[in-house]
Amino acid sequence: MKIVILDGYTENPGDLSWDALKAIGETTIYDRTSLTDENEIAERIGDADIAITNKTPISKATIDRCPNLKFIAVLATGYNVIDIAYAKEKGIPVSNVPVYGTRSVSQFAIALLLEICHHIGHHSKTVHEGKWENCADWCYWDYPLIELADKTYGLLGCGNIGIHTAAIARALGMNVIAFDGKERDEAKEMGVKYVDLDTLFRESDVLGLQMPLFPFNEGIINKENIAKMKDGVIIINNSRGQMVVEQDLADALNSGKVAAAGLDVVSTEPIKGDNPLLKAKNCIITPHMSWGSKESRQRIMNTTVDNLNAFLSGNPINVVNK
């Protein structure tokens, strides 16, 4: 049994072990594989029985060039990089990792918000640079400090991650409202109020994007919907960058309509140098790292091993192309 891991570095930069996968079969691990060179992708899969990918695409053409391929595992929840319909046609199950980063991603959403409220990194830097030592007063702050209690956290999406985010927001004394096609009893029990989309935009002091990308929400944070929001709203997005029209958000940040944004995702990743958000006011951008705690990545590893073993036993699990 030959296994090829096409892009293992982000899953395991050295602090985890591949041994459980290696125990299943002869395993070749590449840190990175081209996202655009189908020749390289196909050559690296070669005669392997199992291909494991995170973001490296596996297209119809690649599948046709790898006739020994019997199973594809995705080191993530999203599987849009795989031609799953053609894989199904060829009898190749594709399995993903449906749940792994719930707590890490919700924690990071609140971390972005708290950084906006207090600018802790900035103030620590000024202290180390000597500003406090030379200050005429016994304390200072360079940005307004924001107390979150009694403010409203609006969730665009209230699935597993949204519910955990809501729990933290509630612990901070915030009111939580949410828009989601499915209303969850556990959210209601903790005091989340479900509202329509316009109410969400109108009433949120903080708007958090916690929803997968669907056709209806692509570009949903645009100038028309931003105009419905409170002056001084804070926007948090560590879900999908394509939900934001980036020039519209940049314009709103620069005008002050949106007080601040905390973003862990952008529309094209890695970010391009001409992204308007890079020069926008009060915009924190981190490099799609919400999911990356060691604990979260270990869950990905464990589930992927389970996916491979289930496939080999004849009862594949977490299959996205049944």
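Taking the number of Cβ atoms within 10 Å of each Cβ as an exposure proxy, the fewest-first ranking of Tyr30, Tyr153 is Tyr30, Tyr153.
For Ile177, the residues whose amide H sits under 5 Å from its own are Tyr153, Gly154, Leu155, Lys193, ignoring neighbours fewer than 5 places away on the same chain, with H placed 1.01 Å from N.
Peptide packing: for 18-27, 227-236, 80-89, 66-75, the average count of neighbouring Cβ atoms within 10 Å per residue gives the ranking 66-75, 227-236, 80-89, 18-27, highest mean first. Measuring between their Cα centroids, segment 241-293 and segment 118-167 lie 18 Å from each other.
The candidate values are [x] 146; [y] 170; [z] 159; the one derived from this structure for volume of the Cα convex hull per residue in Å³ carries the label [z].
Label point 7 Å out from Thr268 along Cα-to-Cβ: which residues of segment 31-62 have amide N under 14 Å? No residue passes the distance filter.
Taking a straight Cα-Cα cut-off under 30 Å and skipping sequence neighbours fewer than 8 places away in the same chain, the lysines within cross-link reach of Lys70 are Lys2, Lys22, Lys55, Lys60, Lys88, Lys90, Lys294, Lys322.
Here is how the number arises for the chain: DSSP H runs of 4 or more residues each give -39500 (n - 2.57), the sum is divided by the residue count, and the result at 222 nm is -9500 deg cm²/dmol. Here the Karplus relation 6.51 cos²θ - 1.76 cosθ + 1.60, evaluated at θ = phi - 60°, turns the backbone of segment 6-20 into coupling constants of 7, 8, x, 5, 5, 5, 9, x, x, 9, 10, 10, 8, 4, 5 Hz, with x for every Gly and Pro. Measuring nothing but how far apart in sequence close Cα pairs (under 8 Å, 6+ apart) lie, relative to its length, the chain scores a relative contact order of 16 percent.
Report the GluC sites (Glu not before Pro) located in segment 215-301 that are in a DSSP loop and have at most 16 other Cβ atoms inside 10 Å of their Cβ, or state none. Show your work: numbers first, answer last.
Details: sites: Glu218, Glu224, Glu246, Glu295; in loops: Glu218.
Passing sites in segment 215-301 are Glu218.
Protection proxy ranking of 194-202, 31-39, 159-167, 303-311, by the mean of other Cβ atoms within 10 Å over each peptide's residues and highest first, is 159-167, 303-311, 194-202, 31-39.
Quick note: the coordinates plus some simple rules give every number you see, no bench work behind them. Keep in mind the model is a prediction, meaning the values are calculated, not measured. Cβ atoms come from the backbone with ideal geometry, glycine included; neighbour counts cover every protein chain shown.
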